[in-house]
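The values are calculated or read from the model by the stated rules, or taken from the named source; none is laboratory data. Here the structure is a predicted model, which means the values were calculated and not measured. Cβ coordinates were reconstructed from backbone atoms using ideal geometry, including for glycine residues, and neighbour counts include every protein chain displayed. Areas reflect the complete protein model, heavy atoms only, side chains present, ligands, DNA and RNA absent. Shrake-Rupley method; radii C 1.70, N 1.55, O 1.52, S 1.80 Å.
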Amino acid sequence: MENEGKAILSLILTFNLILWYFFRGPTPELTFSVFSQMDLFQTQSYDAPLAERVRPQQLGQVIGQKHLLAKGTPFMHFIKSKRIPSMILWGPPGVGKTTLAQIISREVDRPFKQLSAIQSGVKDIREVIRFAKGRPGTVLFIDEIHRFNKSQQDALLGAVEKGLVTLIGATTENPSFEVNAALLSRMQVFTLKPLSIAETQALLSYALEKDEHLSEREVQLKEVEAIYRLAAGDARKSLTLLEILVNSQEEEPILVTDEAILAAAQEHIALYDKSGELHYDLISAFIKSIRGGDPDAAVYYLARMLDGGEDIKFIARRLIILASEDIGNANPNALLLANACFQSINVIGMPEARIILSQATTYLATSEKSNAAYQAINEAMRFVKNEIPHPVPLHLRNAPTQMMKNMGYGGNYKYSHDYEGQEGNQTYLPEEIKDKRFYKPKAVGIEKKIRQFLSEKWDRK
């Protein structure tokens, strides 16, 4: 009887469980209200990383990004009016893209959903869209949105266009390359910048004061240069380096110095000021080595700059200038390659960008050189500045009206294609300076052919 009673009881419980499963009604969706989000970020575990423990909860706590968060900016106007557009937050790692997205959703009092492009697919996007149909304006934050393929990005188009979701995408890559044009046209792009050294110091001071764990230790912030160079403006990495140092020390006071940080991080870095003397010395030596045709010296100085955390865009821009100034028409491909280098490093980023920079550097260093184009514009600018403006010859002037034609504008102009091989029979400079020469090509590379062409066609010896 006892066993039969247990069996009957088990059947009753099973039957009730089945009834509950089929008639329980819809399962409540997980919605992050303003209050649930506050709870989520304010009850972090004591063992959570420092960067998570001190993650800003309000816009006033965000350090950096003053160009977005200053009073009166369009970004702040959107938030204040609670009418935020779909947007892309573009910037390097650790500058607050995720933090801003979370704060924005709280400020505008919207439901918040978060997806990672690495782990999510079209199915996850559709689930969020279904959720948003009952809650229009839901903020959907997608981290690393550049990793979504075309079909995944296309799945967002309708919901964004109708306003079902306010999409906030975070990316470290150039959106114009990595985000579909159709989706990009429906979004506002905001660029986030790395922290400056002053902002890094403010961040570390804030953490030492506000973090429950660090505030219990006697920590003195003496130097921040090493943290700034190692982290390259990355707030998360800056805080991690500080935490590594503090956790590695038992005796107090703990002195945060460049030497102590480098020892704790077990990593070497060239500590030079990007706005200081060494910055200019290295870029000067770099350019002069390329100009002088020494690829070994050039890549050495390139390595010095990269090791010191120099801005790779700054280096690439200088290569573009050099390709035109020092190589010019002796090898026109130099400018094309230098420009391709600049475009490529924007897409790739470090550390692989070093390979592209090295290729461009060694190519330019070993190329034929000519500064004739550079000298030509300089001489022409000096001439124009010091001379009275001479009138444009009548036969070269535009004649959009009959009156101008009657005055001789455009008259007697010889259409070059009708006079092939006789270009020299017509003058183009004003009569008063018709024999003036600005461009004087050298007998090297492609310019050797240009020099010959000018000699034959224009009698320029």
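Miscellaneous remarks
- Qualifying residue in the range 46-63 (condition: modelled with pLDDT of 90 or more and within 22 Å of the chain's Cα centre (by Cα)): yes
- Residue in the range 436-459 that is more than 30 Å from I321 (Cβ to Cβ), open to solvent by less than 100 Å² (accessible area, probe 1.4 Å) and among the β-branched types (V, I, T) present: no
- Qualifying residue in the range 292-301 (condition: without any contact (Cβ under 8 Å) to a residue 24 or more places away in the chain, small (G, A, S), in a helix (DSSP H, G or I) and open to solvent by less than 30 Å² (accessible area, probe 1.4 Å)): yes
- Cβ separations smaller than 9 Å between residues 6+ apart or across chains give the following pairs from the range 65-83 residues that are in contact (Cβ under 8 Å) with a residue 24 or more places away in the chain and open to solvent by 50 Å² or more (accessible area, probe 1.4 Å) to residues that are assigned to a loop (DSSP other than H, G, I, E, B) and among the polar types (S, T, N, Q): H67/T73.
- Test for A340: is it in contact (Cβ under 8 Å) with a residue 24 or more places away in the chain and either in contact with a strand residue (DSSP E or B) (Cβ under 8 Å, 6 or more places away or on another chain) or hydrophobic (A, V, I, L, M, F, W, C) (or both): no
- Entirely in the range 160-249, the strands (runs of 3 or more DSSP E) that have 2 or more residues that are in contact (Cβ under 8 Å) with a residue 40 or more places away in the chain: 165-171, 188-191
- Subset tally (residues that are in a helix (DSSP H, G or I) and touching a residue at least 12 places away in the same chain (Cβ under 8 Å)) for the range 121-157: 19
- When the range 127-160 is filtered for residues that are open to solvent by 30 Å² or more (accessible area, probe 1.4 Å) and more than 16 Å from L183 (Cα to Cα), the ones remaining, listed by number, are E127, R130, K133, G134, R135, P136.
For every residue, the table says whether it meets (1) out of contact with any helix residue (DSSP H, G or I) (no Cβ under 8 Å at 6 or more places or on another chain); (2) in a loop (DSSP other than H, G, I, E, B).
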position	(1), (2)
L364	no, no
Q375	yes, no
M381	yes, no
K385	yes, no
H390	no, yes
K442	no, yes
R451	yes, no
